[in-house]
1. Could you tell me which of rounded, prolate or oblate describes region 130-299, using a ≥ b ≥ c as the square roots of the eigenvalues of the alpha-carbon gyration tensor, with rounded for a/c under 1.5 and, failing that, prolate when a/b is larger than b/c and oblate otherwise?
2. Which net charge results when you count Lys and Arg as +1 and Asp and Glu as -1 among the other residues whose beta-carbon is under 12 Å from that of His113?
3. With charges set only on the Cβ (+1 for Lys and Arg, -1 for Asp and Glu), what does the dipole of region 190-338 come to about its Cα centre, in debye to the nearest 20?
4. With everything on Cα atoms, drop me the angle between helix 164-174 and the longest principal axis of the chain, reported from 0 to 90° to the nearest 10.
5. If one takes the longest principal axis of the Cα atoms in the chain, at what angle in degrees, from 0 to 90 and to the nearest 10, does the Cα axis of helix 87-104 lie?
6. Let me know the shape class of region 26-114, please: from the alpha-carbon gyration tensor, a ≥ b ≥ c as square roots of the eigenvalues, rounded when a/c is under 1.5, otherwise prolate if a/b is greater than b/c, or oblate.
7. For region 130-299, how many pairs of lysine residues have a Cα-Cα distance under 26 Å, where the two are 8 or more positions apart or belong to different chains?
8. Working from Cα positions, state the angle (0 to 90°, nearest 10) between the long axis of helix 214-229 and the longest principal axis of the chain.
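The values are calculated or read from the model by the stated rules, or taken from the named source; none is laboratory data. If you're wondering where the values come from, they're calculated on a predicted model, not measured in any experiment. Cβ: placed from backbone, ideal geometry, glycine included. Neighbour counts: every protein chain shown. Just so you know, the surface numbers come from the protein's heavy atoms only, side chains and all, with ligands and any DNA or RNA stripped out. Shrake-Rupley method; radii C 1.70, N 1.55, O 1.52, S 1.80 Å.
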Amino acid sequence: MAVNILAIETSCDDSSAAVITDGREIKSNIISSQINIHKKFGGVVPEIASRKHLEALPYVVQEALAEAGMSFREIDGIGVTYGPGLVGALLVGLSYAKAAALALEKPVIGVHHLEGHINAGFLEYPELTFPLVALVVSGGHTSLVYLPRRGEYVLLGQTRDDAAGEAFDKVARHLGLGYPGGPAIQEAAMQGDKERLVFPRAWLEEGSFDFSFSGLKSSVLNYLNKCKMKNEPYNVPDIAAGLQEAIGEVLSVKAVAAAKMKGVDKVLLAGGVAANRRLREMLQARGARENIQVFWPSPVLCTDNAAMIGCAAYYKYLKGEFSDLTLNAVPNLSLFTI
Ligand code: KG4
Ligand code: ZN
């Protein structure tokens with residue numbers, strides 16, 4: 001019997017619902033983005049995000065079921081992100097999921113947002129097996145994770161300050177490129193010279209798999225301010241290309257070094273920043289030199305979506321890892337088993 005999971009994701013500014021069959025078949029993956037609303041403020045406004053989730057979620061779920069050609073009765077379990085994220089935003093998805101689970105007498109399955117991002121890889125690549133190293137790069141996280149087997153997450157390193165996506169977003173805002181910054185920086189960088197402006201790379205201590213992007217961000221902003229104060233022209237595409245190169249180099253060098261250290265031959269890129277074409281290119285080139293295969297999800301499965309949550313929930317469903325109706329939102333939820 002096929003297992004159908006209805007999944008819900010509302011941790012930040014995307015209201016999303018999906019129906020996933022047997023952990024791999026995406027029957028639907030509806031995403032209602034709030035970007036146009038938050039754009040005006042240069043970033044996500046938590047209170048507005050919660051209200052918009054409240055308005056959108058019932059319609060998004062209906063659409064997900066309609067596109068999947070299913071009714072609530074055919075759903076076997078409800079997967080939902082319960083952290084980390086914006087507490088008010090998480091609570092909207094969680095309340096919906098718990099109410100639906102109660103009404104349908106089906107289990108609710110709490111999913112960690114990063115576990116969802118990692119599982120996006122399993123939706124698309126049947127050949128992606130354990131052990132592997134995952135590089136999870138988003139607006140809120142930059143983490144290198146070792147997965148010896150399914151459901152086990154060992155933290156190898158993480159950012160000590162800004163996340164990679166945050167560096168993209170903050171620099172983009174100062175360059176007047178708008179929100180979200182990552183795609184805008186990628187676009188601008190295509191017209192730029194990646195070697196003209198070389199910004200600093202924070203390698204940290206020898207052997208460390210941690211990251212730091214706040215120095216890089218400050219260096220770019222200092223350069224920009226200096227140009228403005230001296231009334232000197234500056235080239236936005238060159239700045240974008242220089243920033244993208246610095247972030248891509250540190251991420252790809254450390255991800256490949258982590259895979260080598262763990263003796264694994266697979267690296268999975270996940271999270272919103274995994275949509276970055278230059279990062280993919282750099283990681284793939286560096287991996288190829290070390291016989292390490294690099295995987296990344298399609299762009300729509302890199303940024304926040306419920307399909308990835310449905311995939312993670314499916315494997316928990318198989319193991320009977322159900323939550324109960326006391327499940328609460330945990331804004332700073334940790335993923336790591338070790
Ligand atoms: O995973 P995600 O949708 O939300 C979080 O969990 O944070 O990631 C959003 C982040 C934003 O910082 C956005 O600028 C970045 O992913 N991003 C990109 C690209 N597309 C999205 N960064 C670089 N290049 C991209 N193409
Ligand atoms: Zn995310």
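1. prolate
2. Every neighbour counted, the sum reads -4.
3. Taking the Cα centre of region 190-338 as origin, the dipole is about 200 debye.
4. 60 degrees
5. With both axes taken from Cα atoms, the answer is about 20 degrees.
6. prolate
7. Taking region 130-299 as the scope, the lysine pair count is 17.
8. It is inclined by approximately 50 degrees.
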